[in-house]
1. Scan the stretch 15-61 for trypsin sites (Lys or Arg not before Pro) in coil per DSSP, keeping those whose Cβ has at most 16 other Cβ atoms within 10 Å, and list them by number.
2. Would you please give the residues with an amide H less than 5 Å from that of SER180, counting only those at least 5 places away or on a separate chain, with H modeled from the backbone geometry?
3. At each listed q (0.07 Å⁻¹), what is the log10 of I(q)/I(0) that the Debye formula gives for the chain modelled as equal alpha-carbon point scatterers?
4. Which whole-number percentage describes the relative contact order of the stretch 173-273, with Cα contacts under 8 Å and a sequence gap of 6 or more?
5. Which residues in the stretch 123-164 place their backbone N less than 13 Å from a point set 7 Å from the Cα of SER10 along the Cα-to-Cβ direction?
6. For each pair in LYS9/LYS88; LYS126/LYS243; LYS126/LYS242; LYS126/LYS175; LYS126/LYS169, compute the distance between the two Cα atoms and list the pairs where it is over 19 Å.
7. Let me know the charge dipole size of the stretch 21-80 about its Cα centre in debye, to the nearest 20, where only the beta-carbon of Lys, Arg (+1) and Asp, Glu (-1) is charged.
8. I need MET102, MET239 ordered by Cβ neighbour count within 10 Å, fewest first.
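Read the figures in this text as sums done on the coordinates, not as results from a lab. What you are looking at is a predicted structure, and each value in this text was computed from that prediction instead of being measured. Note: ideal-geometry Cβ built from the backbone for every residue, glycine included; neighbour counts use all protein chains shown.
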Amino acid sequence: MISDLIISKSLTELLQHRAELGSRSLFIAGGTEINRLDSPHSDGSFIGLSMENLGLDEIRETEAGITIGAMVTLQQLIDSPVIPDYIKAAAGFAGSRTLRNMATIGGNIASCRDDSYLLPTCIAAKARIHTIDIDRKGEILNEDIPIREYVENFENFSGCCLSEIFIKKQDRFVKTRRYSRTAQRTPDALISFGSDLKEGVLTDVRIAVGSLGCGIKRLPIIEQSVMNRDLQNEEQCLMAVKKVIEPADDITGSSEYKQYLVGITITDLMNEALGGHER
Ligand SMILES: Cc1cc2nc3c(=O)[nH]c(=O)nc-3n(C[C@H](O)[C@H](O)[C@H](O)COP(=O)(O)OP(=O)(O)OC[C@H]3O[C@@H](n4cnc5c(N)ncnc54)[C@H](O)[C@@H]3O)c2cc1C
């Protein structure tokens, strides 16, 4: 819960409130994370800054790519004819339609949860994030950063205002696998694989994992091994995974089981990206 709610008439006004109130304030998008029962923001000490009606709920398609406003809901992503299927699939990992109607892409990314529905897929897709701020003279400052950089340096970006997410139109293979016994349960593992294919060779590979109890992680050493063709089979993938991630042993499964899921999934998706058959 929040102690007060400020509704701004423009983005500039929103950013002015933010500059004035600093960490006593909190952006409010769909409110599904903030209002969770065990949310760290539930003590009533924060002033909410509503992000509604500021023009951030549009999806635009241009020659360059697709720009998604931070206030676009997960259901809007699924219903849009221009959003790539892999993003729709990731939005669909939120099993409840009621939640999808409220939860926004910006809120999901800014929460940077270990089990984020969207972050691994957005990293594999090489999505970019636009942030906005205001300086002392009232000038709006825009920044454009790769989503992997946002996640890797989350302490620096936490609390800054996300305005848009950009996905370059490209003929890129992106696929995410989510392992869970039910749609509503915390997944055992979430693995995303993205790559381009040039003359039968995988390039620009991005692999990101989540829901392993150790945060959202990109796996650059494995990406490089895939591009060098050092990983030819499941055994080699599994050995490489064991060297770079140590998932938590928890209610969703043992650390070894989750490493196994990551290893076999990377093998499968690598083969699929190369035009082979998936398991
Ligand atoms: C039952 C239940 C299950 C859930 N399961 C999952 C799950 O499995 N995986 C998962 O990822 N999430 C889960 N969530 C959390 C939440 O629903 C999603 O993360 C959702 O996408 C958050 O979006 P929101 O618009 O509701 O964010 P809000 O709750 O409005 O905000 C979340 C955080 O993001 C900040 N924020 C929001 N918009 C912006 C912006 N544009 N710029 C900067 N900061 C911003 C807020 O200040 C706040 O800190 C669950 C929630 C519930 C209630």
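1. Numbers: sites: ARG18, ARG24, ARG36, ARG60; in loops: ARG36.
Here the sparse-neighbourhood loop sites are ARG36.
2. ASP188
3. For the chain at q = 0.07 Å⁻¹, log10 I(q)/I(0) is -0.26.
4. Once normalised by length, the contact order is 24 percent.
5. Answer for the stretch 123-164: 138-140.
6. Violating the 19 Å limit, Cα to Cα: LYS9/LYS88; LYS126/LYS243; LYS126/LYS242.
7. It comes to approximately 260 debye.
8. MET239, MET102
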